[in-house]
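Taking it in order: structure first as structure tokens, then the write-up.
Readers should treat all values here as calculations from the given coordinates under stated rules, not as data from a laboratory. Only a predicted model underlies this, so the values are computations on that prediction, with no experimental measurement involved. In this analysis, Cβ positions are derived from the backbone assuming ideal geometry, glycine residues included, and neighbour counts consider all displayed protein chains.
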Amino acid sequence: MKKLFAIGEVLIDFIPGEAGKGISQVGSFAPKVGGAPGNVCGAFVRLGGDAAMISQLGKDPFGDKIVEEYKEFGIETQYIERTEKANTSLAFVALKEDGNREFSFFRNPGADMLYDPALLQEDWFKDGYALHFCSVSLGDFPMKEAHKKAIEMAKRQGLLISFDPNLRFNLWSSREALKKAVLEFIPTADILKLSDEELEFITGKTQIEEALLELFASGVKLVVYTEGSKGARAYTKEAQAAAPSKKVQAVDTTGAGDGFIGAFLYQLSGMGLDGANLQQVSKEQLEKALAFSNAFCGISVQKAGAIASYPTREEVEQFLQ
């Protein structure tokens, strides 16, 4: 199995010591390694694959913590730079009564935002399977240009490109700026993951089926649509599939969507599907990948944290029985 790469933000999530309250009411927080692209790597590795993160951290204790924990999780860190120009990004998270989250970011700028595109080397991607990214790092700073360059390099090396917008509105000067960035990068992706909460904002449509024609016309080959506890659907021009989720009691949804796409990419890789033959994926293959990814999330949300809550392949297979 070839290696998964992810590029973008790496940060510390400060998880609340108590649930059911907003950030301003929480009395204590515990630092946990976070950042959506790294979570995707964590899911891929947890299931048995190899993954590497491309980013930048501050030369500070939080940066040290991330590198140490990534190494413990098995995520490759040789492409993570360290800088004294900015601190490692921080995010405070509150878990509301319904399991959803409230965020407050300390990232103005964060070290990851200042990653220099000149640091990228195309030979990194020679043995790669896919490059995954999100929208948090697509603002007007050097990391955005690094994304463009990395995507170009990865495509030349035949990697599949995966994009999960993973919208974080309070990190942007305006909703319009965020939407513009997302629409700019959608045409670069082979796989686009959208949630039911993101669909209308990004596409202007309220039903995923209404948005597919335009998304496929942009160059996207596979659209993955997640609906939380309802399950998930997937679409190509030739096939479509759906898989329900088992009902579970959610304790913490942090990193659930990241875990889903990480598990989904792991499944596609195991099926031998890449950028060259992705459109040939069958309904049965999509159903299998969706069911596996739903189960991965179903286990994850019953525990606190992101990567630390991710199950092994054996645990997922047992959950599916």
- Item | Within a Gaussian network of the chain (alpha carbon springs, distance under 10 Å), most fluctuating of SER24, SER162, SER218 | SER24
- Note on the structure: Phi angles of segment 277-292, converted by Karplus (6.51 cos²θ - 1.76 cosθ + 1.60, θ = phi - 60°) into ³J(HN,Hα) in whole Hz with x for Gly and Pro, give 10, 4, 5, 8, 4, 8, 4, 5, 5, 5, 4, 5, 5, 5, 4, 4
- Note on the structure: From fewest to most C-beta neighbours within 10 Å, the residues LEU273, LEU320, LEU114 line up as LEU320, LEU114, LEU273
- Query: Ranking ILE54, ILE161, ILE23 by Cβ neighbours within 10 Å, fewest first, what do you get?
  - Reply: ILE23, ILE161, ILE54
- Message: Taking 30 Å as R0, compute the FRET efficiency from the Cβ-Cβ separation of ASP98 and SER218 and round it to 0.05.
- Response: 0.35
- Listed pairs LYS71/LYS193; LYS2/LYS32; LYS85/LYS144; LYS59/LYS126; LYS126/LYS237; LYS126/LYS155 exceeding 21 Å between Cα atoms: LYS71/LYS193; LYS2/LYS32; LYS59/LYS126; LYS126/LYS237
- Task: Just subtract the alpha-carbon distance of THR206 and GLU18 from 0.36 nm times their residue separation and send over the number in nm, one decimal.
- Result: 64.2 nm
- Item | Label-zone membership for segment 185-215, site ASP274, 7 angstrom Cα→C-beta point, backbone N under 20 Å | 188-192
- Message: Just to confirm a number: summing +1 for Lys and Arg and -1 for Asp and Glu over residues other than LEU167 whose beta-carbon lies under 15 angstrom from that of LEU167, what do you get?
- Response: -4
- Item | Relative contact order, percent, the chain [alpha-carbon distance under 8 Å, six or more residues apart] | 17
- Query: Tell me, what ³J(HN,Hα) does each residue in segment 112-127 have, in order and in whole Hz, if you take phi through Karplus 6.51 cos²θ - 1.76 cosθ + 1.60 with θ = phi - 60° and put x for Gly and Pro?
  - Reply: 4, 5, 9, 4, 7, x, 5, 6, 5, 10, 5, 5, 4, 8, 4, 10
- Have a look at PRO311, ALA211, ASN277 and report the one farthest towards the positive end of the charge dipole of segment 211-321, computed about the Cα centre with Cβ charges (Lys/Arg +1, Asp/Glu -1). ALA211
- Item | Cα gyration tensor, the chain - rounded (a/c under 1.5), prolate or oblate | rounded
- Note on the structure: Rounded to whole angstrom, the alpha-carbon centroid of segment 116-131 lies from that of segment 193-252 at a distance of 29
- Note on the structure: Listed with the fewest Cβ neighbours within 10 Å leading, HIS147, HIS132 appear as HIS147, HIS132
- Item | Local electrostatic count, LEU286, Cβ distance below 11 Å [Lys/Arg +1, Asp/Glu -1] | 0
- 5 angstrom amide H check on LEU160, placed H, neighbours 5+ away: ALA130, LEU131, GLY275
